[in-house]
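See structure below.
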Amino acid sequence: MTTQDLIEKIGLKALSKFEHRDVDGVFVSDMLSDVMAGAKSSNLWLTIQTHKSIVPAANLVDVSAVIITSGKEVPQDTVDLASKYNIAILSSDLATFELVGRLYGLGLGSK
Amino acid sequence: MPECQHQWEMTNIQFGFVAFEKCFHCNDLRTYFSAEDNPILGDKYREGDHYWSRVENAQTFTFDLKCTQCNHTEKFNDLMGLLHCTGCLPDCEVEIMRNKLEAEKTWIVVGFGFLPQAKTEPIPPRKLDMLTDYFNQRRDTSRSKIKVVPFNLIGDLARCKGDFIHDVGMLSLEPPPGRKSPF
């Protein structure tokens, strides 16, 4: 499954500029330290955090995309930094719990 | 026997806080890891000529790297954190290196040790190279790479506006409002 498949199947909104890539597994956390310690390359990272520090953390771990849940508004400086690093910032109006359910239904789980 | 081509994984992960303390007498800064549950801001005490006050706490974690091939474990309890270069100082060596390596899709992060020890005993390049290997081993390096560099490449620490990849203010769910550099 790719980021493009997810955008189409779940109706995610792409905020940054990025190249689509394969997705393998899902990691849910609102703490950078938790993500750096536990997320794996190609994971989707679900969070409600929107400030730009999420971008270098996502880049370090090499997640396939960051999905901002619950329709949180993402500041432009976060989007711009993500575009610079080719990091996918996607947005969903769904709450984290519901989005996790949808992703699980598509066959994604923790990796 | 050939040397082990280490394959690193994180081990001994412990969550806690980085505490930033400033002496309001001489303006010195010191940092340390604390595993306490409820860090206190503004905690003040005297130690010799210093009057320390805790000015910031950042949620973080400590870890070691263990080789899955040979079981060698390298301790990283001297790593305070990683700093994302924001390109604030055009004449800074980190910024010069960043500009050069960005063309090769290699992203730079700065490895910081705890202060003040790190000023006289910085984290050895050997260990920063291990960290670099760790981050690159778990990513598709045909897309991009990571390079961890020492903080003493930063020309003027007092003017550095790099962002620590720490959980400062993360629990408030608000962006840190114009956070000042602790240096």
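Structure data summary
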{"quantity": "Sole residue being more than 24 Å from B:Lys147 (Cα to Cα), at pLDDT below 95 and β-branched (Val, Ile, Thr), chosen from A:Thr50, A:Thr69", "calculated": "A:Thr50"}
{"quantity": "Subset tally (residues that are closer than 30 Å to B:Lys105 by Cβ, open to solvent by 10 Å² or more (accessible area, probe 1.4 Å), touching a residue at least 60 places away in the same chain (Cβ under 8 Å) and of a type outside the set (A, V, I, L, M)) for the stretch A:81-108", "calculated": "3"}
{"quantity": "Selection within the stretch B:143-168 - within 12 Å of another protein chain (Cβ to nearest Cβ), modelled with pLDDT of 75 or more and part of a strand (DSSP E or B)", "calculated": "B:Lys145, B:Ile146, B:Lys147, B:Val148, B:Asp163, B:Phe164"}
{"quantity": "Residue check for A:Val66: in contact with a helix residue (DSSP H, G or I) (Cβ under 7 Å, 6 or more places away or on another chain) and assigned to a helix (DSSP H, G or I)", "calculated": "no"}
{"quantity": "Unmet requirement for B:Asn136, which otherwise passes all of (1) out of contact with any Phe, Trp or Tyr (no Cβ under 9 Å at 6 or more places or on another chain); (2) free of Cβ contacts under 8 Å to residues at least 40 places away in the same chain; (3) of a type outside the set (D, E, K, R); (4) more than 14 Å from chain A (Cβ to nearest Cβ)", "calculated": "(4)"}
{"quantity": "Only one of B:Asp91, B:Asp140 that is touching an Asp or Glu at 6+ places or on another chain (Cβ under 8 Å), open to solvent by 60 Å² or more (accessible area, probe 1.4 Å) and assigned to a loop (DSSP other than H, G, I, E, B)", "calculated": "B:Asp140"}
{"quantity": "Subset of the stretch A:1-33 (residues that are in contact with a strand residue (DSSP E or B) (Cβ under 8 Å, 6 or more places away or on another chain) and not in a loop (DSSP other than H, G, I, E, B))", "calculated": "A:Thr2, A:Thr3, A:Leu6, A:Ile7, A:Lys13, A:Ala14, A:Asp22, A:Val26, A:Phe27, A:Val28, A:Leu32, A:Ser33"}
{"quantity": "Counted residues, the stretch A:43-80 - those being open to solvent by less than 30 Å² (accessible area, probe 1.4 Å) and free of Cβ contacts under 8 Å to residues at least 60 places away in the same chain", "calculated": "23"}
{"quantity": "B:Gly81, sole failed condition from (1) of a type outside the set (S, T, N, Q); (2) open to solvent by 20 Å² or more (accessible area, probe 1.4 Å); (3) closer than 30 Å to B:Pro125 by Cα; (4) out of contact with any Lys or Arg (no Cβ under 8 Å at 6 or more places or on another chain)", "calculated": "(2)"}
{"quantity": "Selection status of B:Leu171, more than 30 Å from B:Gln5 (Cα to Cα), modelled with pLDDT of 85 or more and not in a strand (DSSP E or B)", "calculated": "no"}
{"quantity": "Boolean, B:Ile123 is among the β-branched types (Val, Ile, Thr), modelled with pLDDT of 90 or more and open to solvent by less than 90 Å² (accessible area, probe 1.4 Å)", "calculated": "yes"}
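Conditions (1) under 20 Å from A:Leu32 (Cβ atoms); (2) surrounded by 18 or more Cβ atoms within 10 Å (Cβ to Cβ), marked per residue:
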residue: B:Ala35; (1), (2): yes, no
residue: B:Ser53; (1), (2): no, no
residue: B:Glu56; (1), (2): yes, yes
residue: B:Gln59; (1), (2): yes, yes
residue: B:Asn71; (1), (2): no, no
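The values are calculated or read from the model by the stated rules, or taken from the named source; none is laboratory data. Small disclaimer: the values here were computed from a predicted structure and weren't measured. Because the Cβ atoms are built from the backbone with ideal geometry, glycine has one as well, and the counts that use them run over all protein chains shown. With ligands, DNA and RNA removed, areas are computed over all heavy atoms of the protein, side chains included. Shrake-Rupley method; radii C 1.70, N 1.55, O 1.52, S 1.80 Å.
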